[in-house]
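Chemist: Starting off with a structure, shown below.
The values are calculated or read from the model by the stated rules, or taken from the named source; none is laboratory data. Everything quoted here is computed from the prediction, not taken from an experiment. Here the Cβ positions follow ideal geometry from the backbone for every residue, glycine too, while neighbour counts run over all protein chains shown.
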Number of protein chains: 2
Amino acid sequence: MSKELNPLSRLVERIPHDPMLDFLDKVGPVENLIDLGFGDPDFAVGQTTKEAFKQSIDADHSHYADGQGILPLRQAACHFYNDKYACGIQGPDDILVTVGAAESINLALMAIVNPRDGVMIVEPEYSQYSNSVLLAGGQKVPVDTATSDFKLTPELIQRTYDQAAAQGIKVIAIIVNYPNNPTGSSYNLDELTALANTFEKLNLWVLSDEIYAEQTFKGSHHSLYAIIPERTILITGLSKSHSMTGYRLGFVIAHGAVMTAMRKIQDTLVTCVATPIQEAAASALTLDPDAGIKTRSRYLMRVSKVAHALTDLGFHADIPTGAFYVWAKIPDKFGDDAFPFCVELAQKAGVQIFPGSIFSDTAKAYVRISCAGADKDLDTAINRLSAYLKKPA
Amino acid sequence: MSKELNPLSRLVERIPHDPMLDFLDKVGPVENLIDLGFGDPDFAVGQTTKEAFKQSIDADHSHYADGQGILPLRQAACHFYNDKYACGIQGPDDILVTVGAAESINLALMAIVNPRDGVMIVEPEYSQYSNSVLLAGGQKVPVDTATSDFKLTPELIQRTYDQAAAQGIKVIAIIVNYPNNPTGSSYNLDELTALANTFEKLNLWVLSDEIYAEQTFKGSHHSLYAIIPERTILITGLSKSHSMTGYRLGFVIAHGAVMTAMRKIQDTLVTCVATPIQEAAASALTLDPDAGIKTRSRYLMRVSKVAHALTDLGFHADIPTGAFYVWAKIPDKFGDDAFPFCVELAQKAGVQIFPGSIFSDTAKAYVRISCAGADKDLDTAINRLSAYLKKPA
């Protein structure tokens, strides 16, 4: 008989069970469920992009690509982000093509984190960040925005930094995400400049996840990379702008030694991103650069409709500044934990939305409604929700 | 002015510069160079696979896939590896779809390595393994096969284990790769069983990289997963069997808690593999399962031709047991380091092959000739090599 096997990685064991799975388990199977939980755009990839993808396959471009990414794609990305957001990217050498923004976040953290370094994570958060910090050997330092209207402020950052320092944790980086998933918060140029000054003062690396930049509904999106390029690692990609979640095409953008380090990790981690996908992406950025603008107006209609319907039903809900989620507080009569409300809503009304507890312990009274799905599903879901809430208890 | 940035990861800084790049730098640009260095198959992906890939794109399968991999692909892989090598994989839950075998190796190491754990790496080696061990926070423990005909033996493993222990290093795992890149070595069932007994006795995790299984020229390929499934993490994929290097489609196969751990890492690291590529791969395994057998005979012709030609020219070269490289000792008159020989050969004869020093410090007199490229290039390269060697000095 086999001996007892050697123990597994303690680091990986510390990655917590995904609270979203707990919720899905609790809901169980529901017939005809409308899912407004996940954030996967229902829009199709543009026709020119699909043609380029298929041409690459027909042309037998089935060989290894440059680990950093094919040059035409990096050139196209450089032009795209400089043109749209005045990022000031110096050239294609500062762009690395990744397996979606998820890999970008890991490359960045693996490049900068030493054991037990603190990394600030803005809560409520999408759990990817915490898990990636753990995997890189760092410590999560939560920055709770529940009492600041779900936005970062210089004071909040300074206070969190000081508290961590008092506990002996050296914070070396912060992960920011705007427009934000799940809250929809974003920042104007004055706010961003104030935040950038604080990041500079505290000498932080800044992982700026701007994957929802094209889904900015109020004002313009400004990139932290344009303000503090030397310490910003820009995380982005085509999942949201070009509705390409399942193609897994991201970028990590940075200058200098941190890019060299990420390049080494990329070679070791995945060798390169699939060649035909890179050629499809180069076409998407070149021939279909405004795909995100076309879907933005559709998303805005959706989030507006949902926010208004929820307000009419007694929720506290605003139209988000960006992204494609409505972040809403449940009516007071349902108490301060939306988890049982969401379970019941799924089981009894056939509408799945995510409880705030998935994203933060201090935002349990909130729910996230994804408006990425089809319009008709959204309409049916609103009708179901309305009928459910108006039903006598 | 900006402060000095926080230091980068010390772990990543320990990943050495790639010796292959040093070699390529030294060679510099050469016109009409025939590259027998890299191992990228020249064969096209099968037509049915390309059609399935394009159908997936046309059908707008551009959404997130299950992080473990789409079920039809895992079912197809389960059947394929059980059918070909009697692996005894219990079901699709024991298979995880990855971004090429490279990601598989990292998932496996991240799942089992704790800081400073020793991982045995068979030398000569493809540097991916060493770098992945470093990235996972482990220590490389080299097992030098140069004095045992480039094959592992129980005695060699035991001796290396004991030497590491004497230095205070606890070896918890070994990475084996057969058919081997670069040496072409493989093992018959008796040899493998003896190795498996040793791995069991020393209580090692076994990462068995069998990506070249379909390119076995002598006898049959036997999988360690069939012998010691509870401690074997099988690394494989379609890069070599289906000439799909640039599609980045790998598998990691394991049972029990280590699979659960790898699944968590996969979710954090890349979310999932691109959906259309998974659908293409499912088609490849189902409709074109013998792609590897078709190319095997072509590879065997190539390696035989090269081995014979080199022998005629004074090299020590055997036909490899598997994979698609010829591993040969340079003629004695060129000394015991093939590096300058390879540089000159590239620059003066226009033929690029890799010096053994890229793969091991103790196999410097060897060269690796990749037979993955087109037949006509191979013929031209042999002619050039022959003319170069026969030229009076």
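Chemist: Hey, among B:Leu285, B:Leu207, which residue is assigned to a helix (DSSP H, G or I) and either touching a Phe, Trp or Tyr at 6+ places or on another chain (Cβ under 9 Å) or touching a residue at least 12 places away in the same chain (Cβ under 8 Å) (or both)?
Modeler: Only one candidate passes the filter, namely B:Leu285.
Chemist: Scan the stretch B:238-255 for residues that are more than 8 Å from chain A (Cβ to nearest Cβ) and part of a helix (DSSP H, G or I) and report the count.
Modeler: Going through the stretch B:238-255 one residue at a time, the tally reaches 4.
Chemist: Is it the case, given these coordinates, that A:Gly219 is facing another protein chain (nearest Cβ under 7 Å), within 22 Å of A:Gly292 (Cβ to Cβ) and either over 15 Å from the mean Cα position of the chain (by Cα) or part of a helix (DSSP H, G or I) (or both)? Break it down stepwise before answering.
Modeler: Numbers: facing another protein chain (nearest Cβ under 7 Å): no; within 22 Å of A:Gly292 (Cβ to Cβ): yes; either over 15 Å from the mean Cα position of the chain (by Cα) or part of a helix (DSSP H, G or I) (or both): yes.
Considered against the rule, which asks whether it is facing another protein chain (nearest Cβ under 7 Å), within 22 Å of A:Gly292 (Cβ to Cβ) and either over 15 Å from the mean Cα position of the chain (by Cα) or part of a helix (DSSP H, G or I) (or both), A:Gly219 comes out as no.
Chemist: Suppose we filter B:Asp149, B:Asp93 for residues that are farther than 27 Å from B:Arg296 by Cβ and either part of a strand (DSSP E or B) or of a type in the set (Asp, Glu) (or both); which single one remains? So that I can check it myself, show each step before the final result.
Modeler: Values: B:Asp149 fails: farther than 27 Å from B:Arg296 by Cβ.
Criteria check complete, one pass: B:Asp93.
Chemist: Right, here's the next one. Going by the conditions given, is B:Phe354 touching a residue at least 12 places away in the same chain (Cβ under 8 Å) and touching a Lys or Arg at 6+ places or on another chain (Cβ under 6 Å)? Write out each step before concluding.
Modeler: Values: touching a residue at least 12 places away in the same chain (Cβ under 8 Å): yes; touching a Lys or Arg at 6+ places or on another chain (Cβ under 6 Å): yes.
Answer is yes for this residue.
Chemist: I'd like to know if the stretch A:120-128 contains one or more residues that are more than 7 Å from chain B (Cβ to nearest Cβ) and part of a helix (DSSP H, G or I).
Modeler: Within the stretch A:120-128, none of the residues are more than 7 Å from chain B (Cβ to nearest Cβ) and part of a helix (DSSP H, G or I).
Chemist: Another question about this same structure. Under 7 Å between Cβ atoms, at least 6 apart or on separate chains: pull out the pairs that start in the stretch A:215-228 with a residue that is outside the structural domain of A:Arg296 (by TED's automatic domain parsing) and end on any residue that is assigned to a helix (DSSP H, G or I) and acidic (Asp, Glu).
Modeler: A:Ile228/A:Glu200
Chemist: Among B:Phe23, B:Phe53, which is in a helix (DSSP H, G or I) and assigned by TED's automatic domain parsing to the domain that holds B:Val303? Explain how you work it out, then say what you get.
Modeler: On the way: B:Phe53 fails: assigned by TED's automatic domain parsing to the domain that holds B:Val303.
B:Phe23 is the lone residue from the list that is in a helix (DSSP H, G or I) and assigned by TED's automatic domain parsing to the domain that holds B:Val303.
Chemist: Among the residues of the stretch B:73-117, write down those that are within 11 Å of chain A (Cβ to nearest Cβ), surrounded by fewer than 23 Cβ atoms within 10 Å (Cβ to Cβ) and farther than 22 Å from B:Asp267 by Cβ.
Modeler: Listed by number, the list holds a single entry, B:Pro115.
Chemist: Another question about this same structure. Please state which one of A:Asp42, A:Asp58 is at the interface with chain B (Cβ under 10 Å from one of its Cβ atoms), surrounded by fewer than 20 Cβ atoms within 10 Å (Cβ to Cβ), more than 21 Å from B:Tyr64 (Cβ to Cβ) and among the charged types (D, E, K, R). Spell out the reasoning first.
Modeler: Working: A:Asp42 fails: more than 21 Å from B:Tyr64 (Cβ to Cβ).
Just one listed residue meets the conditions, A:Asp58.
Each row is one residue, and each column tells you yes or no for (1) of a type in the set (Gly, Ala, Ser); (2) in contact (Cβ under 8 Å) with a residue 40 or more places away in the chain.
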| site | (1), (2) |
| --- | --- |
| A:Leu5 | no, no |
| A:Lys26 | no, yes |
| A:Leu36 | no, yes |
| A:Gly39 | yes, yes |
| A:Thr48 | no, yes |
| A:Ala52 | yes, yes |
| A:Ala65 | yes, yes |
| A:Gln68 | no, yes |
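Chemist: Only residues that are in contact (Cβ under 8 Å) with a residue 40 or more places away in the chain, of a type in the set (S, T, N, Q) and closer than 21 Å to A:Leu33 by Cβ: list them for the stretch A:358-393, please.
Modeler: A:Ser370, A:Thr380, A:Ser386
Chemist: Which residue is nearest to the other protein chains (Cβ to nearest Cβ), if the candidates are limited to the stretch B:256-302 and must be of a type in the set (A, V, I, L, M, F, W, C) and surrounded by fewer than 17 Cβ atoms within 10 Å (Cβ to Cβ)? I'd like the intermediate steps shown before the answer.
Modeler: Filtering the stretch B:256-302 down to residues of a type in the set (A, V, I, L, M, F, W, C) leaves B:257-259, B:261-262, B:265, B:269-270, B:272-274, B:277, B:280-282, B:284-285, B:287, B:291, B:293, B:300-301.
Checking which are surrounded by fewer than 17 Cβ atoms within 10 Å (Cβ to Cβ) leaves us with B:257, B:287, B:293, B:301.
Working: B:Ala257: 6, B:Leu287: 16, B:Ile293: 19, B:Met301: 21 Å.
If we take residues in the stretch B:256-302 being of a type in the set (A, V, I, L, M, F, W, C) and surrounded by fewer than 17 Cβ atoms within 10 Å (Cβ to Cβ), then B:Ala257 is nearest to the other protein chains (Cβ to nearest Cβ).
Chemist: Can you confirm whether the stretch B:375-392 contains a residue that is within 30 Å of B:Gly237 (Cα to Cα) and part of a strand (DSSP E or B)?
Modeler: no
Chemist: OK, next. Could you list, in sequence order, all residues of the stretch B:61-70 that are within 7 Å of chain A (Cβ to nearest Cβ) and surrounded by fewer than 20 Cβ atoms within 10 Å (Cβ to Cβ)? It would help to see each step written out before you state the result.
Modeler: Taking the stretch B:61-70 as the starting set, the residues that turn out to be within 7 Å of chain A (Cβ to nearest Cβ) are B:61-65.
If the condition is that a residue be within 7 Å of chain A (Cβ to nearest Cβ) and surrounded by fewer than 20 Cβ atoms within 10 Å (Cβ to Cβ), then B:His61, B:His63, B:Tyr64 are the ones that fit.
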